[in-house]
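The values are calculated or read from the model by the stated rules, or taken from the named source; none is laboratory data. These numbers come from a predicted model, not from an experiment. Ideal geometry is used to build each Cβ from the backbone, glycine not excepted, and the neighbour counts take in all protein chains shown. Note: areas computed on protein heavy atoms with side chains; ligands, DNA, RNA excluded. Shrake-Rupley method; radii C 1.70, N 1.55, O 1.52, S 1.80 Å.
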Amino acid sequence: MVTLQTLFPEALSKFSLHSVILVFSLFVAYKVFRQLILWPYFLSPLRSAPGPPLGNPIFGQFPSILRSKPGVVHSKWAKEHGPTVRVVGPFGMEKMMYMNPEALHKILVSDWVEYPRPEFMRRVLGVTAGWGLLTTTGDEHRQMRKAMNPAFSIANLTAQTDMYYEPIYGLLDILRQEIQSSTDPSTGKVFHIYEWLSKATLDIICLTAFGYKTDSLHNPDNELADAYHKLIELQSMPNLVLFISLITVPGFLRLMKTEWMYEHRSWLTLIRGLSPAATLIESMHRINNVASQILSEKTSEASAVMSGDTASKRDIMSLLVQARKREVGEGYRLSDADMIEQVLTFLGAGHETTASGLAWTLWLLAEHPSVQTKLRAEVTSLISSNAKPDFRALKQMEYLDAVIMESLRVLPPVPMTLRKAGKSDFVDGVFVPKGTLLYIAISVVNKFKGFWGDDAEDFRPERWFDLPKCYNQHFSLLTFIAGPHHCIGRTMAITEMKAVVAILIANLHFEPAFDGQIIQPTAAVTMKPDDNLPLRVRLVENI
Ligand code: HEM
């Protein structure tokens, strides 16, 4: 039979190939045009929301965000366009930022299940900070949180406080000895204080969360401390982009946890730019091994505790294991795998955040000597009669409380977080389509003049004794955010910060390391000092 194909085989095959390519190219061009121009300028229901110009045609305002110090450009936009701001990022991606308590209440509290952390964020957190409270949502989160809440109760924190002091006094001794052995002890010595605080807080969290002694202050080669240190050294914007790209490759997440991948991780170093992934796999493997050991010790201890053989342990893992053992019937139980993930969660969520919060507090005290002197008067009168103040004694120091809260307000260790609209709805009078990213601007809200007054940007602990009328106790200070996902370690972190600051300030004096010093905050997930924060430290008896 004669067909078009047999008559004009060449013409027809060319025609079809060309048409396919042409139609495909037109489709792609339309998609790109729609995403970059049509959607943000003409179609998006958010197009009339206030906000900065759309910016670069491909990357939107992303370049200005990368160029600015953490939160600075968002603060500027909040001042110029707030309290509701639309920002267009790369490839036409829209982000909404809200300051109004009503909007924040809807996103974080009343409709929280509909506004989860975005999938890519959960995956990054899962890989680096465990698959647990930070990655679950809805019912699973509710049940997990219910199982864990008792371990973070005030009663347990009270029982734990004395565990802080071995690392704190260990740090004090190291700093003191180094100053005393310097050429002129009266002028003190410059320390990269963040590094030291990071070691002390790692030792504290390991003791209080797992009853595990790292003693990284004296023993940097400890297996957990070393593996974890390598993991946190990976924290940078380029590595974050690399990890986000890798975990979107189907199957990569499962593969990276396998023994085979661990054995062959060196293959990744052969590909340019992929060696951080090899370090990630190695660190995770080592941390998981230590976590499994910790869990099996806790499980045998829990049997002994149940049979009354030994005194009850006070660390959080022991409490979780004991609670799990008591649980009978069909109720929710944390599995062994869940428990191992909690080790990473407590490290990932509780260590760097507290270390950064402490470093920023010491910086603010160094920059405000009169506040430091006033604080020293309060803490010295207590420490001289009570070298290891307990939870209640720490809580009673009012000026210390004001200093810590003010520091956490002005320089919050987690400067922002994200949510994603799981449904289309009106938020603060603006129609927000499903899938829109919501930027929870912690550092912007914490310094928003609308809540805190004209001196909102200043470090002034006294404001905590006379809070402004517009202050809203849930939504004016977002350092630990609000709602069902609020930080479970809030009270633990504040108590630990108070204990460290009280002991250090009673004994040491902190000053900027050099004239004109300015801080170098860096933000990948937490906001920490990029330069490890050099500070001049002197003995109190020499000032
Ligand atoms: C100054 C220290 C700390 C700060 C500033 C801080 C801040 C935060 C913030 C902002 C969140 C919410 C993140 C989001 O929803 O996207 C959070 C969640 C969390 N934090 Fe903290 N945190 C600190 C210390 C701790 C400590 C010491 C622990 C535990 C040992 C801890 C454990 C957690 C956990 C498990 C979550 C997830 C809660 C959930 O989703 O239910 N944090 N933290």
Could you list the GluC sites (Glu not before Pro) in region 446-503 that lie in coil according to DSSP, counting only those with at most 15 other Cβ atoms within 10 Å of their Cβ?
-> Glu457
With no solvent and one point per C-alpha, what does the Debye sum give as log10 I(q)/I(0) for region 420-459 at q = 0.20, 0.27, 0.29 Å⁻¹?
-> -0.68, -0.84, -0.89
What do you get when you divide the Cα radius of gyration of region 428-509 by 2.2 N^0.38 Å, with N the number of residues?
-> 1.41
Kindly state, as a whole number, the per residue volume in cubic angstrom of the convex hull around the alpha carbon atoms of region 211-345.
-> 146 Å³
Under the 7 Å Cα-to-Cβ spin-label approximation, Lys230 and Glu541 lie apart by a distance in nanometres of 4.3 nm
Accessible surface of the chain, 1.4 Å probe, proportion on carbon and sulfur as whole % | 58 percent
Where Rh is the Kirkwood radius over Cα pairs, Rg/Rh for the chain = 1.03
Sorted largest first, the C-alpha extents of region 204-246 along its principal axes in whole angstrom are 36, 19, 13
Estimated 222 nm signal from helices in the chain, with DSSP H stretches of n ≥ 4 weighted -39500 (n - 2.57), rounded to 500 | -16000 deg cm²/dmol
Once a ≥ b ≥ c are taken as the square roots of the eigenvalues of the Cα gyration tensor of region 315-394, is the result rounded (a/c under 1.5), prolate (a/b larger than b/c) or oblate (a/b not larger than b/c)?
-> oblate
What order, most packed first, do the peptides 73-81, 417-425, 93-101, 344-352 have when packing is the mean number of other Cβ atoms within 10 Å of each residue?
-> 344-352, 93-101, 73-81, 417-425
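Sorted by packing (mean other beta-carbon atoms within 10 Å per residue), highest first, where do 208-214, 294-300 land?
208-214, 294-300
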Which of Lys213/Lys388; Lys199/Lys388; Lys388/Lys469; Lys95/Lys230 have a Cα-Cα distance over 25 Å?
-> Lys388/Lys469; Lys95/Lys230
Length gained, Leu22-Gln143, 0.36 nm per residue minus C-alpha separation, equals 38.3 nm
Suppose every K and R has +1 on its Cβ and every D and E has -1 on its Cβ; what is the size of the dipole of the chain about the Cα centre, in Debye to the nearest 20?
-> 1620 debye
Taking a ≥ b ≥ c as the square roots of the Cα gyration tensor eigenvalues, with a/c under 1.5 meaning rounded and otherwise prolate when a/b beats b/c or oblate if not, region 273-416 comes out oblate
Would you kindly calculate the translational diffusion coefficient of region 483-543, applying Stokes-Einstein with the Kirkwood radius from alpha carbon pairs, for 20 °C and a viscosity of 1.002 mPa s, and quote it in µm² s⁻¹ without decimals?
-> 150 µm²/s
Taking only the Cα positions of region 136-271, the convex hull volume per residue in Å³ is 202 Å³
Past 32 Å, Cα to Cα, is the threshold; run Lys79/Lys434; Lys79/Lys106; Lys69/Lys434; Lys189/Lys449 against it and keep the listed order.
-> Lys189/Lys449
Computed label-point distance, nm, for sites Phe465 and Thr187 using a 7 Å Cα→Cβ extension = 3.7 nm
Over region 164-287, give the accessible area per residue in Å² for a 1.4 Å probe, as an integer.
-> 48 Å²
